[in-house]
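> Following this message is one structure expressed as C-alpha cells.
The values are calculated or read from the model by the stated rules, or taken from the named source; none is laboratory data. Worth saying up front: this structure is predicted, and the values here are computed from it rather than measured. Backbone-built Cβ (ideal geometry, glycine too); neighbour counts: all protein chains shown. The accessibility values were calculated without ligands, DNA or RNA, using every heavy atom of the protein model including side chains. Shrake-Rupley method; radii C 1.70, N 1.55, O 1.52, S 1.80 Å.
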Amino acid sequence: MLEKLSGRVFLFCALLSVISLLLIVGFVFYKGSHPFVAEGYSFLDFIFGMDWVPSEDKFGIFPMIVASLFATMGALILGVPVGLFTAIFLAEIAPKRVAKIISPAVQLLAGIPSVLYGVFGLAIIVPFLQNNLGLVKGQSLLAVILVLAIMMLPTIVTVAETAIRAVPKMYREGSLALGASPIGTIFKVVVPAAKSGIMAAIVLGLGRAIGETMAVILVAGNSLILPTSLTDSVRPLTTNIALEMGYAFGTHQEMLFATGIVLFSFILLLNFVLAKIGSKGGK
Amino acid sequence: MRKFKDHLLRGCLWASAFLTVAVLIIIVGYIFYKGFRLIDFNFIFGDYSPVGHGGIWPMIVTTLYTIFISLIIATPIGILAAVYLQEYAKQGRLVRLIRYATESLTGIPSIIYGLFGAVFFVTTLKFGMSIIAASLTLTIIVLPVIIRTTEEALKTVPQSYREGSLALGTTKLQTLYKVILPSAMPGILSGIILSIGRIVGESAAIFLTAGTVAAMPDGIFSSARTLTVHSFLVTQESGDIELAAAVGIVLIVIILILNFLATFISKRLNKADY
Amino acid sequence: MGTTVIERKDGVRKSQMKQQSGGTKINVKDLDLFYGDKQALYKVALDIHEKEVTALIGPSGCGKSTFLRSLNRMNDLIDGVKITGDIMIDNENIYETNDVIKLRTKVGMVFQKPNLFPMSIYDNVAYGPRMQGIKSKKELNEIVEESLRGAAIWDEVKDRLKTSALGLSGGQQQRVCIARAIAMKPEIILMDEPTSALDPISTLKVEELIANMKKDYTIVIVTHNMQQAARVSDKTAFFLNGEIIEYDETNNIFSMPKDQRTEDYVTGRFG
C-alpha cells in the first residue's frame, strides 16, 4: 500500500519537469503568438521589420536577430579555439603540477555570476575600445563578442578537458608506437576520439553566450540599428526582453514574448546544427 | 616542415592557455582590486542607503531567502524524481519523455525563465514581483541540476547493495532510505551545492520576477534585490563600478566557499567508508 | 519458522520444534523462464530436500543462477522476466502469494561477491531484523551475536562490531554476509557462487561453515567449482542450456553419472 503510494509520488515528482516544460513553452508561445494569431500583426513584418517603436505600434526585430547572431558567432570564433587549445594544453601538455592548479581555478571561474563579466566589460573593455579605436561610444558589438567569448571560456575549457582526459591511454600509445609525434598524436588521435565531449563543450558554451542577458546589457549599447560593423552599438534579443519587460503591457508585452520565441527557436536550431555537425564528423 | 607545424601548434597551445589564465586572473584581480576598499563590517551588515555606497545586508538576506525557498522545494522533488527514473521506472516512452523534458529545461536561457515567471507566478498566480515568484522560477531552473546529479549519484550505488537488502526481505522503500539514499548522499549534496551556486549567480530571471526594490524584504511576498541584481543595477544606473566590484567580491567568496564545501563533502564522505 | 537451532558457545542449545529432516522443502515443476523473448529455463523440475545441501552445477550461462534467483523471486528485479510453472515452498506457490517480503525473510540469500552495506558490522547484521521492526537493543544484540557465531566469525569481529564492515577481508565479509542472512532466521539459504571471489583458505572456512549449517538450514548452492560441490553437497543437479540434465545424490553424479554430458562436464571435458 505504502509502496504503491510512494511509487506514485515519485512518478508525480518526475512528471513535474515535464509539466514545467509544457507550462513554460505553452505560456511563452501562447503569449508570443497572440499578436499574430488574434490581432492581425504580420509575423514576417515582425521578423524582418527594421523598426522597433512600441509607442508607434512598430515591432520589427530584424536588427536584434542580426545582433544576436553576430554576437554569438563572433564569441564562438574567438572563444572556441582558445578554449579548446587551453583544454588540450591542460589535459595533454601542461606539467601535472601546473594543470593541478589551473584546472580547478578555471572550473571555479565557470561558476562566477555572469553579471561580473559584464561589470568587468564595462569597466575595462569598453573604455579600452573607445580609446584605442577612436569610438564615440565603446559599447558595441565587439565589446559584446569579447565579453561573451571570455565568459564561455571556463565552460568550454572545463568540459572539453574532461572529455580529452577520458580518452584511453592506449590510443595515445598506439599512435606514438607508430612513430607519430606527440603533437600529431594529440590532433590526429586524441582530439577526434574526444569529439562528442568537445561538441558538448561547445554547445554548453554557446548556450551560455546566446542566452546571456545582464552582462550583455552593460556592454552592448542597446541601440536599435542594424549592425553594419563591429563597432556599432547593438541590442541582441535577450536584452530587448530584459530592458522593456518592466514597463511593457498589452501588445508590447506580447511582442516581447514573441522575441522570446525567436530566441527559443534560435537555440533549438543552433543546437540542432551543431549536433548534426558532430554526428557527421563522428562517422 | 612537419616539425615546424608541430612547433607552431605547440606554441598555439601554450599561448591559448596563457591567454585564458591571464584573462581570468585579470578579471578576478580587477574585481578584488576595485572593490576591496569598500568591504567592511558596515558594508556587509549595514542597511542599504541610496547615499554613498550603502550596506548590502538586505541583498544578502534576499539572496538567502531565494536559496532557501527554491531549495526547500526543488531538493525533495528533484531527489524523488531521480529516484523514480533510476529505481522505479521501467525504461520506455515515459522515461524518455521525462529525460527529454529535463534536458530541455537545462537548455532554456534564464531570460525565458524570467518571461515565464513574470507571466505565470507574478501575473497569473498574482504573487506580484516578489521573492516567492523569483524563488519558484529558480526552483524550475535548478530542478534539472538536482535531478541529474542525483541520478548520477544513484548510478554509482552498487547493484549488489540493492540485491543484498531486498534479499533480506526488506521492502523497496526501506532499501531506498536505509541503503541507497545514504550511499548516494555525497553526490546528492554536491548537486545541491551546485544548485546554490546557480541560484546565487542567476540574474536575468530574478530581475524579471523579484523586481529591484533595494530594501529589507518584509517577507517572501515583497519585492527585493539579490546580490547579482544589485551588482548589475549599480553598474547600469550609476556606473558605480567600485560598488559593483565590492558586491562581486562577496559573490566570488560565496562561490569559493560553496566549491570548497562541495569538494570537501564528496572527498570526506567517499573516504570514510560509511 | 521454528526450525532454527542456535548453538551457543557456552554449550546451551536452544532447539525449537525440530522438524524431521529429509522431507521435500522446495518443489519445482515445469518451470519455464524468459528474459523478454529469450528462454533461459526449460521445464525445470526439482525436489529440494530439507536440511540438505543441494548443489547446482553447470557451465556459465546454463541457467543455474537464474534458477537460484527465481527461488526467492530476485528475478522480479529485472524488467521483462516471465515465469511459468510452479515453485512450491512448504506446499505454497511462491509466485501466487503477493508477499515477496515474507518469502525473502524465509529464503535468505548470499551473493557471489560479498555485498555488505557501507555501515558497521553490527548494523549490517542488525539491518534485516531492524527492518522487520525489532527495536529492542537487547534483542538486537542477541541476534547479532547469535548470527555471527552461527557464521563462525564472532571471535574475529566481536571487538570491532562498531567499525565499518568494509574494512574486513573478503572472506570475513562473506561470512558476515552469511551472518546477515542467518539473522533473519530463514529456513532456506540460497548461495550464488559464494566463494568465487575468495582465496583458498577463506573458501575452506566458508565450506566448513556450510557443512555445519546444514543441520539447521536447507541450503541451495550454485558453484563453478566441482570439488566444492563434491565436498559440501548431498545432492547435485547438473544444468545445461537451461535444462536439468541430471539430478541425483552427489556421490552418484560424480562417480557414476547416467548421462554422457554430465560425465563430460564433471570430468572436465567441457565447461
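> Compute the distance from the alpha-carbon center of region B:126-181 to that of region C:46-97, in whole Å.
That distance is 33 Å.
> What is the packing order of peptides C:141-154, A:19-32, B:190-203, taking the mean over residues of other C-beta atoms within 10 Å and listing the highest first?
B:190-203, C:141-154, A:19-32
> With everything on Cα atoms, drop me the angle between helix C:137-150 and the longest principal axis of chain C, reported from 0 to 90° to the nearest 10.
50 degrees
> Given the rule -39500 (n - 2.57) for each run of at least 4 DSSP H residues, summed and divided by the residues of chain A, what is its mean residue ellipticity at 222 nm, to the nearest 500 deg cm²/dmol?
Result for chain A: -23500 deg cm²/dmol, rounded to the nearest 500.
> For region A:1-45 and region B:208-270, write down the distance between their C-alpha centroids in whole Å.
Centre-to-centre distance over Cα atoms comes out at 30 Å.
> Against the 2.2 N^0.38 Å scaling, with N counting residues, where does region C:117-271 land? I'd like the Cα-based Rg ratio to two decimal places.
Expressed relative to 2.2 N^0.38 Å, the Cα Rg reads 1.19.
> Stokes-Einstein at 37 °C, 0.692 mPa s, Kirkwood radius from Cα pairs: D for chain C in µm² s⁻¹?
172 µm²/s
> Same structure again: Looking only at region A:56-88, which residues have a backbone nitrogen under 19 Å from a spot 7 Å from the Cα of B:Thr263 in the C-beta direction?
Flagged as within label range: A:87.
> Let a ≥ b ≥ c be the square roots of the eigenvalues of the Cα gyration tensor of region A:210-276; is it rounded (a/c under 1.5), or, if not, prolate (a/b larger than b/c) or oblate?
oblate
> Can you give the calculated 222 nm mean residue ellipticity of chain C, where each DSSP H run of n ≥ 4 adds -39,500 (n - 2.57) and the sum is split over every residue, rounded to the nearest 500 deg cm²/dmol?
That comes out to -9500 deg cm²/dmol.
> Partner chain Cβ atoms within 10 Å, averaged over the residues of A:207-219 - can you pull that number for me?
5
> Give me Rg over Rh for region C:180-271, both radii from the alpha carbons and Rh done the Kirkwood way, two decimal places.
0.98
> Can I ask one more? Just to be sure I understand the rule: take each whole DSSP H helix in chain A, project its Cα atoms onto its long axis, keep it if the span is 30 Å or more and its mean Kyte-Doolittle hydropathy is at least 0.5. Which ones pass?
Counting only whole DSSP H runs, the qualifying helices are A:2-38, A:62-88, A:141-165, A:250-282.
> Any number yet on Rg/Rh for region A:68-243, C-alpha, Kirkwood?
1.07
> Another question, then. Quick one: grab the alpha carbon gyration tensor of region A:44-168, order the square roots of its eigenvalues as a ≥ b ≥ c, and give me rounded if a/c is under 1.5, else prolate or oblate depending on whether a/b is larger than b/c.
In terms of gyration-tensor shape, prolate.
> Can you give me the Cα centroid spacing of region A:142-220 and region B:1-25 in angstrom?
The two parts, judged by their Cα centres, are 14 Å apart.
> Put one equal scatterer on each alpha carbon of the protein assembly as shown, apply the Debye formula with no solvent term, and list log10 I(q)/I(0) at q = 0.06, 0.07, 0.08, 0.09 1/Å to two decimals.
-0.54, -0.69, -0.84, -0.96
> Pick from A:Ser55, A:Ser233, A:Ser17: which residue has the top mean-square fluctuation in a GNM of chain A where Cα pairs under 10 Å get a spring?
Top of the fluctuation ranking is A:Ser17.
> Can you give me the % of accessible surface on the protein assembly as shown that is carbon or sulfur? Probe 1.4 Å, all protein chains present, nothing else counted.
Result for the protein assembly as shown: 62 percent of the exposed heavy-atom area is carbon or sulfur.
> Given 5 Å bins starting at zero, what is the percent of C-alpha pairs of region B:67-222 in each, up to the one with the largest pair distance?
Whole-percent P(r) values from 0 Å outward: 2, 9, 17, 18, 16, 13, 10, 7, 5, 3, 1, 0.
> So which GluC sites (Glu not before Pro) in region A:1-106 pass both tests, a DSSP loop state and at most 12 other Cβ atoms within 10 Å of the Cβ?
Qualifying residues, ordered by number: A:Glu39.
> Which lysines does B:Lys34 reach when only Cα atoms under 23 Å apart count, and residues fewer than 8 places away in its own chain are ignored?
Within the straight-line limit of under 23 Å, B:Lys34 reaches these lysines: A:Lys137.
> Which aspartates and glutamates have a Cα less than 12 Å from the Cα of C:Lys64, not counting those fewer than 8 places away in the same chain?
C:Asp192, C:Glu193, C:Glu243
> What helices does chain B hold that run 24 Å or longer along their axis, going by alpha-carbon atoms, with a Kyte-Doolittle average of -1.0 or more, using DSSP H for the helix calls?
Taking the DSSP H segments of chain B (at least 24 Å long, mean hydropathy at least -1.0), we get B:2-35, B:57-83, B:131-155, B:181-201, B:241-271.
> Still on this model: What does the structure give for A:22-32 when I average, per residue, the other chain Cβ atoms found within 10 Å of the residue Cβ?
4
> Here is a further query. What is the magnitude of the charge dipole of chain B about its Cα centre, with +1 placed on the Cβ of each Lys and Arg, -1 on the Cβ of each Asp and Glu, and no other charges, expressed in debye to the nearest 20?
Charge dipole of chain B: 1200 debye, to the nearest 20.
> Pick from B:Val145, B:Val23, B:Val250: which residue has the top mean-square fluctuation in a GNM of chain B where Cα pairs under 10 Å get a spring?
Among B:Val145, B:Val23, B:Val250, the largest mean-square fluctuation in the Gaussian network model of chain B belongs to B:Val23.
> Here is a further query. For the protein assembly as shown, build the charge dipole from Cβ charges (+1 Lys, Arg; -1 Asp, Glu) around the Cα centre, then report which of C:Cys177, A:Phe257, C:Ala197 sits farthest towards its positive end.
Most positive-ward Cα: C:Ala197.
> Something else about it: How crowded by other chains is C:101-114, given as the mean number of beta carbons from other chains within 10 Å of each beta carbon?
3
> Next question. When a/c is below 1.5 the answer is rounded, else prolate if a/b is larger than b/c, else oblate, so apply that to chain B with a ≥ b ≥ c taken from the square roots of the Cα gyration tensor eigenvalues.
oblate
> Which one, A:Val37, A:Val147, A:Val219, has the greatest fluctuation when you compute a Gaussian network model over chain A with C-alpha springs under 10 angstrom?
Checking each option, the largest mean-square fluctuation is seen for A:Val37.
> Would you work out the relative contact order for chain C, in percent, from Cα pairs under 8 angstrom that are 6 or more residues apart?
25 percent
> Over 24 Å between Cα atoms, which of C:Lys43/C:Lys214; B:Lys172/C:Lys102; A:Lys169/A:Lys195; C:Lys138/C:Lys162 qualify?
Long pairs (Cα-Cα over 24 Å): C:Lys43/C:Lys214.
> Suppose every Lys and Arg Cβ carries +1 and every Asp and Glu Cβ carries -1, with no other charges. What dipole size does the protein assembly as shown come out with about its Cα centre, to the nearest 20 debye?
1460 debye
> Round to the nearest 10 and give me the degree value, 0 to 90, for the angle of helix C:121-131's Cα axis relative to the longest principal axis of chain C.
That helix lies at roughly 80 degrees to the long axis.
> Compute the helix-to-body angle for C:170-182: its Cα long axis versus the longest principal axis of chain C, expressed 0 to 90° and rounded to tens.
Roughly 90 degrees between the two axes.
> Over the Cα atoms of region C:21-160, Rg to Rh with Kirkwood Rh, two decimal places?
The Rg/Rh ratio comes out at 1.02.
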